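Below is one structure, written out as structure tokens; comments come after it.
Bear in mind these aren't lab numbers, they're just calculated from the coordinates by the rules spelled out. A quick note: this is a predicted structure, and the numbers were derived from the prediction, not measured. Note that we place each Cβ from the backbone using ideal geometry, even for glycine, and neighbour counts take in every protein chain shown.
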Amino acid sequence: MATDPSGDLVLTPLHGDPRSLNEWLTTFHFTSVVLDPYTNQSSWILPTARRILHAFRGAAVRANFLMTCGPDEAREFLGPLAEEFLVFCDPDRAAVRSLGLSSLPAFVFVRGDGKLAAVAEGWDPAAWRKVAREIATTTAWSYPTIPETGDPSPFEGSPAIG
């Protein structure tokens, strides 16, 4: 079951120094699309995830990919998106465990107070839309249309803990 993550959780970006979640939340809220690059499910949602995260780039939220792999695998899976977005690597899945996720892909929103405000697991467009609305409401921003033409049909995710 999804839970509030530990503020002491250390997140390691592709570019920059590792910092605790509390440090990442100092200025902005935090939203991640959590992907496992070793599964088909995560590849199916990648274009949709890009579109959704891009819609929040100007909002008061750190829109990012959280990858359950090391930096080389993240760069290979994401390609140019690794330079377009903030990307965190979670090869031991400590962040996935801290968030209490059971399946991936997932879309999570952590408010600046460290509380898990919304989460969607697998590709359930209605659940992802709910997360996007929560982000938009919290940040006084607009949210993207979910689903949009070209998005995949709904599917269950793969196990989050490998």
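At-a-glance table
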quantity	calculated
Vicinal HN-Hα couplings computed from phi for the range 3-9 (Karplus, 6.51 cos²θ - 1.76 cosθ + 1.60; Hz; Gly/Pro x)	9, 4, x, 5, x, 7, 4
Per-peptide average of other Cβ atoms within 10 Å, ordering 98-108, 50-60 highest first	98-108, 50-60
Segments 90-97, 146-153 sorted - mean Cβ within 10 Å per residue, highest first	90-97, 146-153
Extension gain (nm, one decimal) between residue 6 and residue 115, 0.36 nm per residue minus Cα-Cα	38.3 nm
Using θ = phi - 60° and Karplus 6.51 cos²θ - 1.76 cosθ + 1.60, couplings along the range 144-157 (whole Hz; Gly, Pro as x)	x, 6, 9, x, 10, 3, x, 5, x, 5, x, 8, 6, x
Ordering of 4-12, 116-124 by packing [mean C-beta count within 10 Å, highest first]	116-124, 4-12
Estimated dipole of the chain in Debye, rounded to 20 [Cβ of Lys and Arg +1, of Asp and Glu -1, Cα centre]	480 debye
